[in-house]
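Shown next, in structure tokens, is the structure this report addresses.
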Amino acid sequence: MGTERPRILLLGPPGAGKGTQSENLVSAFDLDHVTTGDALRANKDMETEYGTPREYMDAGELVPDPVVNEIVAAALEDADGYVLDGYPRNLSQAEYLDEITTLDHVLFLDVDREELLRRLTGRRVCPECGKTYHVEFNQPETEGVCDACGSELTQRDDDTEDVVNERLDVYDENTLPVVEYYRDQGELIEIDGNDSPDGVWETIQSTLE
Ligand code: ADP
Ligand code: AMP
């Protein structure tokens, strides 16, 4: 407790590279990676009073705030420094986050929509260890096999073109106002995320220095 680890919020549309850059941040600063997407995928069939997360996720819609807020509150309570990825996704979540923590850095990875479509439809993930790859931009050493743990890579249920388009619309409608919210507070560090993974990481490092 009480160490110097930063509390970083990583904002950006689906496919912007938040998971990819979170891995870098976690290694560089010894942070916890708090990501609502992974937490929800691990509990997709959990019964809540709003139904299961799966019903929303497979359609590309947001899971109701009370379910997600509870996950984040529990994860941040246990974290010292962290990188938060995938939350907040609407203004009400942003206001809730203000009540439960204080952020040191708010980074916004901005990427063009066409590029997001390419990244999301080509994404492959390891179902065992969570590592992320891309069929073209970030290939594993052996096609279809995770470098880290040797498991067979899979495609997320919501990385199909139809659901991706819906997720990007949901982002524009609900999450862009969150970007504005932090911009208005003068806290937003904007990063061009269209560059290569290494190029984006270099930009992030130089902004945090
Ligand atoms: P997010 O967590 O924001 O949804 P990911 O980190 O999972 O995004 O990245 C989405 C996909 O794009 C993955 O397949 C990943 O390998 C790939 N990717 C990530 N960053 C880049 C980049 N800078 N250039 C090209 N592809 C990238
Ligand atoms: P992600 O892994 O961040 O792309 O999230 C995948 C899906 O999980 C989203 O499309 C939503 O259905 C759900 N989800 C993740 N984070 C949140 C959040 N903060 N609020 C609501 N739903 C979320």
Expressed as a whole-number percentage, the relative contact order of the chain with C-alpha contacts under 8 angstrom and at least six residues apart is 29
The Rg/Rh figure for the chain, Cα atoms and Kirkwood Rh, to two decimals is 0.93
Along the dipole axis of the stretch 105-184 (charges at Cβ: +1 for Lys and Arg, -1 for Asp and Glu; origin at the Cα centre), the most positive-end residue among Thr121, Val111, Leu153 is Leu153
Here FRET efficiency (C-beta to C-beta, Glu136 to Arg5, R₀ 30 Å, nearest 0.05) is 0.30
Applied in sequence order to the stretch 62-75, the curve 6.51 cos²θ - 1.76 cosθ + 1.60 (Karplus, θ = phi - 60°) yields integer Hz couplings, x standing for Gly and Pro, of 7, 5, x, 3, x, 5, 6, 4, 5, 4, 5, 4, 5, 5
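As a check on your grasp of the helix formula, calculate [θ] at 222 nm for the chain: sum -39500 (n - 2.57) over DSSP H runs of n ≥ 4, divide by the residue count, round to the nearest 500.
-12000 deg cm²/dmol
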Averaged per residue, the 1.4 Å probe accessible area of the chain, protein heavy atoms only, in Å², is roughly 52
So the carbon and sulfur contribution to the accessible area of the stretch 1-105, 1.4 Å probe, in percent, is 46
Computed about the Cα centre, the charge dipole of the stretch 115-209 from +1 Lys/Arg and -1 Asp/Glu charges at the Cβ has a magnitude in debye, to the nearest 20, of 240
Note, the stretch 31-46: 3J(HN,Hα) by Karplus (6.51, -1.76, 1.60, θ = phi - 60°), whole Hz, Gly/Pro = x, goes 9, 7, 9, 9, 9, 5, x, 5, 4, 5, 4, 6, 10, 4, 9, 5
If N is the residue count of the stretch 142-209, its Cα Rg over 2.2 N^0.38 Å rounds to 1.55
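The values are calculated or read from the model by the stated rules, or taken from the named source; none is laboratory data. What you see is a predicted model, and the numbers here were worked out from it, not measured in a lab. Every residue, glycine among them, receives a Cβ derived from its backbone with ideal geometry; neighbour counts consider all protein chains shown. With ligands, DNA and RNA removed, areas are computed over all heavy atoms of the protein, side chains included. Shrake-Rupley method; radii C 1.70, N 1.55, O 1.52, S 1.80 Å.
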